[in-house]
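The values are calculated or read from the model by the stated rules, or taken from the named source; none is laboratory data. Small disclaimer: the values here were computed from a predicted structure and weren't measured. Cβ coordinates were reconstructed from backbone atoms using ideal geometry, including for glycine residues, and neighbour counts include every protein chain displayed.
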Amino acid sequence: MTTTIKLTVNGKACDLRTDDPNMPLLYALRDQLDLHGLHFGCGLGQCGACTVHYYGEALRCCVMPISAVAGAKIVTLEGLGTPEKPHPVQQAFIDEQAAQCGYCINGMIMQAAAFLATTKNPTEDQVRQALAGNLCKCGTHIRILRAVMRAAAQLAQPTEAHG
Amino acid sequence: MVTFTFAPGPARPEAVQQTQKSVSPDEVGGFIAIDAQGLVTLYSGKVELGTGVLTAITQIAAEELSVPLSRVTTIQGDTRLTPDQDPTFASLTIQNGGMQIRRAAATAREALLTQAASKFRVARELLTVNDGVITPRSGGEGFSYAQLLNGRIFTIKVDPAAPLKDPRDYKIVGESVPRLDIPAKIFGTFTYVQDFKLQGMLHARMVHPAAVGATLEAWNDDACRMLAGYVRTVRKGDLLAVVATNEWAAIRAANTISATWSSWDGLPDESQLADYIRGAKVDRNEVLQSMGNTSEALKAPASTLQATYDFPMNTHGSIGPSCAVAEFKEGMLTVWTPSQASHLLRQQLATMLQIAPERVRCIYLEGAGCYGRNGSDDCTSEAALIAKELGQPVRLQWMRWDEHGWDPKGPATVLDYRASIDDQNRITAWESDIFLPERPMKRSGATLLAAVLAKLPRYGPSNSGIYNPGLGIPYSLTNSKLTAHWLHDAPLPAAWIRAPGRMQNTFGNESFLDEIAAASSIDPFEMRMRHLTDTRGLELLERLRQFAKWQPRGSHPRDAGALARGRGVSYAKYELVRTYVGIVADVTVDRRTGTLKVDRVFVVHDCGQIINPDGLRNQIEGNVVQTVSRTLVELLTFSRSAVTSLNWGSYPILTFPDVPEVRIDLIDRPTEVPWGAGEPTTSVVPSAIANAVFDATGARLRSVPFRPAKVLGALNLVKAG
């Protein structure tokens, strides 16, 4: 039986249809809303490529049943920032050229942005720990670390407000 | 004098008809079109696999044409539009593909200059070109490329002797131009193959065999019929797939269908893999490098050394499982594929489906990084077969266990070494034997999985040389010999992963040389430089010695503490003919737990002319980090029936806390030819780490991966004396 589940995605109210309340959120976002910043990597919550923000916290949507997040506020990479108004973490990833194939980068940015929202001026070791569950096979880690540290410095500047 | 004709026709790719667009690598029009607005379209058979080559190749074309980078759009890996420039592999993209494009662009520029000279009625030498506008050097009005071409396409041959721009005049090549693909990847607007949609597209998932060689005995999809969106199965031989109108329904159907497979247990015992390799059937033995007479020298009285090294199977481990979209319409197959080899894949698919290659079009779309021949082509072959059966477009994405379980594996490798050293500490003989599967060489590409499962025709053998070029040692030894023992088969289907063969060969070579240095009480740098005559190699090693602030190695171990620190060096001249790279690795070994950490890696790299320094650094960093992962962590596990390391829990890779610092010193040689950088650094990583562990502890690690149990074992051997 098809049910409709209401979500707020990137600030917009959405009605998502599913025949299965256990369908992971990932398929609703990617296939119904055509949001493909997030990626299917493992379907097991192991790699982080599918990370979105759930009330500001990093959430692996490949293992999250859609019924469990009904009514929630979700932000995806597309909602985090845009070329016109990039989130500081996105800008830092561009400044540091922190991507190779880029398939994991959604998770890196979303995880880092959620982490930096609650941790000001982290040490590099803290960033390493915060990203310890995000996998990259290209070996872009060094640039990703640099980018997150750059974003952290940017976010720590009191004069600039960031959404 | 460049012959010069144009044919009328639009240059915009969407307007180019199949009959008009040349895909010949011998023709300028194969690579380059310039439209009425002066916008350049570059057609590249080499593709962006996440390594930055899209940007680098676009830089090369823009530079040689003297147009701004922003005016060039690059189309990649479309068999209808781009020349066959061979697969994007083996660190040959810039070196070969980029240079074909440079020459085509130079031919185009020269032809336009010649045409302009005739319009100006002046000698060509009196003209200059800037931003796509040709003007007299003396100044005045000019003609733009767009005006000269007036919407026509190039119909001239690439002139192999077309003069190239003087590197001193470069404005785009040699610059760290930001990568063209990164912003879209950062904002979620990039279209990976996983994101590509066609109207009316169905979704498929595979039900792969329960064992590598199992056959499908029975299946029943009654329960699937209860699922909303379920369409049908596709079964051909041992290929079984489920199809649904949406992705989640396809996944549920794949989990729901019941399939009975025959039992099969043809894999070797995992714990005996190295012995299995050594005892496997050899197709032929081939001496790949030989100097002097080693057998005589080994007989002479001297101290001798021998050692054996082994490297396990690796999965490519792409973060995104393979995906492809296929459509079979009116006898014509079109696939959107992340394959590194569109043109080769077209041949393979045509053979498999028994249709003419002209009826197959492969269009490249980027997937997750592949680092070689991962599951992309297999997934594409399955999608193609399913689409043909359905008569409707279909998107097939593999699940995580499909990618870990069914991508062809980097083959396990065993290397044996013997050397003799005289009383003057000179190496009087060096012999090595490498055991590698021949299987990938015999085929043109790795055989498509759909052809195997569905028992369809396979594209014939022809593509040799995956492993053999340049195996050997880069040193001048009086007596040396490398023999390759080409194995009849590999336990699991095998294909190339980054620096295939070269990494394993260099691991053995550079580790064994370090053993000889230690046995002779010679500093490892000194040992290498003593046997090197190549001046670029010597220069690189000297730079590395200073860059890493290397101190001559003293007695062993360097560090007696519970946390033992040491450093090791390794050097390679890739395939003995191109890119030079040397690294020093600093490691810490916890003697109590066997935990090994790579703290820092110093890299000096000489690939000749550098196209994009930051892109090159990105690649070198990636080479180091990925190979530290392969050396310390990655290990494919399997039962007698199937791969058992089917996800990131059972096939762990290096994570952020263990990523080393990487310091890079680039040697740029703008007036030399550019060589590849996608693989060479990979080749030196495992040996540098092994040598550093020896330096720290006196223990020799000869079997990859260097997980704690193996490290403890080696430490215990030292204790036991």
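The table below lists the values:
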read-out	value
Output for region B:28-41, where each listed residue is surrounded by fewer than 24 Cβ atoms within 10 Å (Cβ to Cβ) and under 19 Å from residue B:180 (Cα atoms)	B:39, B:41
Sole exception among (1) farther than 30 Å from residue B:393 by Cα; (2) more than 14 Å from every other protein chain (Cβ to nearest Cβ); (3) in a loop (DSSP other than H, G, I, E, B); (4) among the small types (Gly, Ala, Ser) for residue B:176, by number	(2)
Test: residue B:484 is in contact with a strand residue (DSSP E or B) (Cβ under 9 Å, 6 or more places away or on another chain), modelled with pLDDT under 90, over 23 Å from residue B:537 (Cα atoms) and surrounded by 21 or more Cβ atoms within 10 Å (Cβ to Cβ)	no
Listing of helices (runs of 4 or more DSSP H) fully contained in region A:67-163 that carry 3 or more residues being aliphatic (A, V, I, L, M) and more than 7 Å from every other protein chain (Cβ to nearest Cβ)	A:105-118, A:141-156
Some residue of region A:119-126 being within 25 Å of residue A:11 (Cα to Cα), in contact with a His (Cβ under 8 Å, 6 or more places away or on another chain), outside the structural domain of residue A:42 (by TED's automatic domain parsing) and β-branched (Val, Ile, Thr)	no
Odd one out for residue B:92 among (1) modelled with pLDDT of 95 or more; (2) under 28 Å from the mean Cα position of the chain (by Cα); (3) of a type in the set (A, V, I, L, M)	(1)
Test: residue B:670 is in contact with a Ser or Thr (Cβ under 7 Å, 6 or more places away or on another chain) and more than 30 Å from residue A:44 (Cα to Cα)	no
Considering residues of region A:44-66 that are surrounded by fewer than 20 Cβ atoms within 10 Å (Cβ to Cβ) and among the small types (Gly, Ala, Ser) only, the residue nearest to the other protein chains (Cβ to nearest Cβ)	A:45
Filtered residue count, region A:23-38, keeping only those that are farther than 13 Å from residue A:51 by Cβ and in a loop (DSSP other than H, G, I, E, B)	4
Sole residue being touching a His at 6+ places or on another chain (Cβ under 7 Å), in contact (Cβ under 8 Å) with a residue 24 or more places away in the chain and more than 20 Å from residue B:392 (Cβ to Cβ), chosen from B:282, B:212	B:282
The lone exception for residue B:358 - which of (1) within 14 Å of chain A (Cβ to nearest Cβ); (2) closer than 22 Å to residue B:456 by Cα it fails	(1)
Residue satisfying condition, being part of a loop (DSSP other than H, G, I, E, B), out of contact with any Leu (no Cβ under 8 Å at 6 or more places or on another chain) and either away from chain A (no Cβ under 11 Å) or modelled with pLDDT of 95 or more (or both), within set B:640, B:592, B:600	B:592
Residue ID - nearest to residue B:411 (Cα to Cα), chosen from residues in region B:351-386 that are surrounded by fewer than 22 Cβ atoms within 10 Å (Cβ to Cβ) and without any contact (Cβ under 8 Å) to a residue 60 or more places away in the chain	B:357
Meets criteria (within 14 Å of chain A (Cβ to nearest Cβ), surrounded by 24 or more Cβ atoms within 10 Å (Cβ to Cβ) and assigned to a helix (DSSP H, G or I)) for residue B:693	no
Residues within region A:98-137 that are free of Cβ contacts under 8 Å to residues at least 24 places away in the same chain, of a type in the set (D, E, K, R) and surrounded by 15 or more Cβ atoms within 10 Å (Cβ to Cβ), tallied	1
Counted residues, region A:47-96 - those being among the basic types (Lys, Arg), over 19 Å from residue A:131 (Cα atoms) and within 14 Å of the chain's Cα centre (by Cα)	1
Contacts under 6 angstrom Cβ, first residue in region B:653-670 being more than 7 Å from chain A (Cβ to nearest Cβ) and without any contact (Cβ under 8 Å) to a residue 40 or more places away in the chain, partner surrounded by 15 or more Cβ atoms within 10 Å (Cβ to Cβ) and among the polar types (S, T, N, Q), 6 or more apart	B:654/B:629
Tally, over region B:179-210, of residues that are over 30 Å from residue B:666 (Cα atoms), within 29 Å of the chain's Cα centre (by Cα) and within 12 Å of another protein chain (Cβ to nearest Cβ)	12
Region B:603-623, residues that are more than 12 Å from chain A (Cβ to nearest Cβ), of a type outside the set (A, V, I, L, M) and touching a Pro at 6+ places or on another chain (Cβ under 9 Å)	B:605, B:607, B:608, B:609
Criterion violated by residue B:626 - all others in (1) part of a loop (DSSP other than H, G, I, E, B); (2) at the interface with chain A (Cβ under 8 Å from one of its Cβ atoms); (3) in contact (Cβ under 8 Å) with a residue 12 or more places away in the chain satisfied	(1)
Those residues of region A:22-34 which are at the interface with another protein chain (Cβ under 7 Å from one of its Cβ atoms) and aliphatic (A, V, I, L, M), in sequence order	A:23
Filtered residue count, region B:222-237, keeping only those that are more than 14 Å from chain A (Cβ to nearest Cβ) and among the hydroxyl-bearing types (Ser, Thr, Tyr)	1
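Residue-by-condition table, conditions (1) under 29 Å from residue B:22 (Cα atoms); (2) surrounded by 19 or more Cβ atoms within 10 Å (Cβ to Cβ); (3) acidic (Asp, Glu):
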{"position": "B:121", "(1), (2), (3)": "no, no, no"}
{"position": "B:129", "(1), (2), (3)": "yes, yes, no"}
{"position": "B:134", "(1), (2), (3)": "yes, yes, no"}
{"position": "B:139", "(1), (2), (3)": "no, no, no"}
{"position": "B:146", "(1), (2), (3)": "yes, no, no"}
{"position": "B:151", "(1), (2), (3)": "yes, no, no"}
